[in-house]
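**Q** Can you read through this structure? Questions will come right after.
The values are calculated or read from the model by the stated rules, or taken from the named source; none is laboratory data. Please read all numbers here as calculations on a predicted model, not as lab measurements. Cβ: placed from backbone, ideal geometry, glycine included. Neighbour counts: every protein chain shown. To get the accessible areas, we keep the full protein, side chains included, count just its heavy atoms, and leave off ligands, DNA and RNA. Shrake-Rupley method; radii C 1.70, N 1.55, O 1.52, S 1.80 Å.
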Amino acid sequence: MQLKDKFGRTINYLRLSVTDRCNLRCTYCMPERGMTFAQRDQLLSYEELLHLVDMLGDLGISKVRLTGGEPFVRTDLPYFLKELRKRTFLEQISITSNLTLIRPHLDELLDLNIRDINVSLDALDRQGFFEITRKDEFEEVSKSLRLMIEKGFNLKLNCVVMKCKNEDQILPLLNFTKEHPVSVRFLEEMPFNGSGNGSSEVLSYKQILSLIETHYNYSPLVHESSSTSQNYQIDDFKGTFGVIPSFSRTFCGNCNRLRLAATGEMRTCLYGQDQLNLKELLRSVIPKDQMKKEIIEAVMNKSENGFAASNENEEKYLSMIKLGG
Ligand code: SF4
């Protein structure tokens, strides 16, 4: 059985949030204070998460990306990673992390062959990092980054570009790929900052490319059809760069994503509203087939794109920490 929506898109990629907590306070993700976090019993346990991954595996999910909040904030994450790795139907297990807590786990990750790590990094200096994350963790992050490059992790650095805030970080991050075999991706800012409203002005992916064009010539790279990133190569650079039109939403035609929040909400589109709460269904002990039927139906009704989903969404935009990114 393979999950598909009414537009014929194959849904095989699960973005799984394991926690709504984070040790950073990024300005584009949440307010400095006032966020409430799920209590332990409101979170899906590791056993429940594994049960749901198995069920979704029966429905054709073959790729899982662990997100949060910050996944390594959740206790015993390595135990969960080991159990996930036993799921042979999973062709790919990857993680999105801010690298503040990952260093003690690097060898475990390599042993589990979990090498694909997306790094949330919006500045390449201590002051710039502090201004965005409101935490003084840059030293630890850059130590982990360099060690992970040395150890051969497959790293993608995701930088959310905020107009008039960290545009000055585009070139330093780009230049980082001159000597380092990593991919830096510049994301448009999205309206998931916990205020319910988006930022007044978004620097578009076209504006980011024009800015880069004034400094470098670059050539386009072929990318996976379901990839959200448009990737490019600058001659003689060891790494590559990309832009992700996360607000312009130009990539929805090949969307293969399904999201599950750490508190059980299943979402077929980041900009949409929750379709089902798999935690409640699971804890209400409804038959497995019934649950699968509800998931299949929800996916079949996935919105055509992020704009349609946004129009159908009666809720205020939540903080990215609640959506799992
Ligand atoms: S905006 Fe929605 S439909 Fe578009 S790629 Fe993202 S999740 Fe998929």
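**Q** Please pick out the residue among Leu99, Leu66 that is in a loop (DSSP other than H, G, I, E, B), within 19 Å of the chain's Cα centre (by Cα) and in contact (Cβ under 8 Å) with a residue 24 or more places away in the chain. Can you show your working first?
**A** On the way: Leu66 fails: in a loop (DSSP other than H, G, I, E, B).
Of Leu99, Leu66, the one residue that is in a loop (DSSP other than H, G, I, E, B), within 19 Å of the chain's Cα centre (by Cα) and in contact (Cβ under 8 Å) with a residue 24 or more places away in the chain is Leu99.
**Q** Of everything in region 294-319 that's assigned to a helix (DSSP H, G or I) and open to solvent by 40 Å² or more (accessible area, probe 1.4 Å), which residue is farthest from the ligand (Cβ to nearest atom)?
**A** First, the residues of region 294-319 that are assigned to a helix (DSSP H, G or I): 294-300, 306-312.
In the following step, the residues that additionally are open to solvent by 40 Å² or more (accessible area, probe 1.4 Å) were identified as 294, 296-297, 300, 307, 311-312.
Details: Glu294: 19, Ile296: 18, Glu297: 17, Met300: 14, Phe307: 8, Asn311: 12, Glu312: 11 Å.
Result: Glu294.
**Q** Does region 256-272 hold any residues that are in contact (Cβ under 8 Å) with a residue 60 or more places away in the chain, of a type outside the set (Gly, Ala, Ser) and either farther than 12 Å from Val299 by Cα or within 7 Å of the ligand (Cβ to nearest atom) (or both), and which are they?
**A** Of all residues in region 256-272, those in contact (Cβ under 8 Å) with a residue 60 or more places away in the chain come to 256-264, 268, 270.
Pick out the ones that are also of a type outside the set (Gly, Ala, Ser) and you get 256-260, 263, 268, 270.
Within region 256-272, Arg257, Leu260, Thr263, Leu270 qualify.
**Q** Oh, and also: In region 2-33, how many residues are of a type in the set (D, E, K, R), within 24 Å of Asp122 (Cα to Cα) and surrounded by 16 or more Cβ atoms within 10 Å (Cβ to Cβ)?
**A** Our first condition is that a residue be of a type in the set (D, E, K, R); within region 2-33, this holds for 4-6, 9, 15, 20-21, 25, 32-33.
Applying the additional criterion that residues be within 24 Å of Asp122 (Cα to Cα) yields 15, 20-21, 25, 32-33.
In the following step, the residues that additionally are surrounded by 16 or more Cβ atoms within 10 Å (Cβ to Cβ) were identified as 15, 20-21, 25.
Qualifying residue count for the region: 4.
**Q** Next question. Spot the failing condition for Ile61; the list is (1) part of a loop (DSSP other than H, G, I, E, B); (2) within 21 Å of Ser319 (Cβ to Cβ), and only one is missed.
**A** Against the list (1) part of a loop (DSSP other than H, G, I, E, B); (2) within 21 Å of Ser319 (Cβ to Cβ), Ile61 comes up short only on (2).
**Q** Do the conditions hold for Arg103, that is, is it under 23 Å from Asn12 (Cβ atoms) and either open to solvent by 60 Å² or more (accessible area, probe 1.4 Å) or modelled with pLDDT of 95 or more (or both)? Break it down stepwise before answering.
**A** Working: under 23 Å from Asn12 (Cβ atoms): no; either open to solvent by 60 Å² or more (accessible area, probe 1.4 Å) or modelled with pLDDT of 95 or more (or both): yes.
When the stated conditions are applied, Arg103 does not pass them.
**Q** Also, quick follow-up: Inside region 76-97, can you point out the residues that are out of contact with any helix residue (DSSP H, G or I) (no Cβ under 7 Å at 6 or more places or on another chain) and under 22 Å from Lys143 (Cα atoms)?
**A** Ser94, Thr96
**Q** On to the next question. Just need a number here: residues in region 223-255 that are among the small types (Gly, Ala, Ser), surrounded by 19 or more Cβ atoms within 10 Å (Cβ to Cβ) and within 12 Å of the ligand (Cβ to nearest atom). Spell out the reasoning first.
**A** Filtering region 223-255 down to residues among the small types (Gly, Ala, Ser) leaves 225-227, 229, 239, 242, 246, 248, 253.
Then drop every residue that is not surrounded by 19 or more Cβ atoms within 10 Å (Cβ to Cβ), which leaves 229, 239, 242, 246.
Among the residues that remain, those that are also within 12 Å of the ligand (Cβ to nearest atom) are: 229, 246.
Adding up the residues that qualify gives 2.
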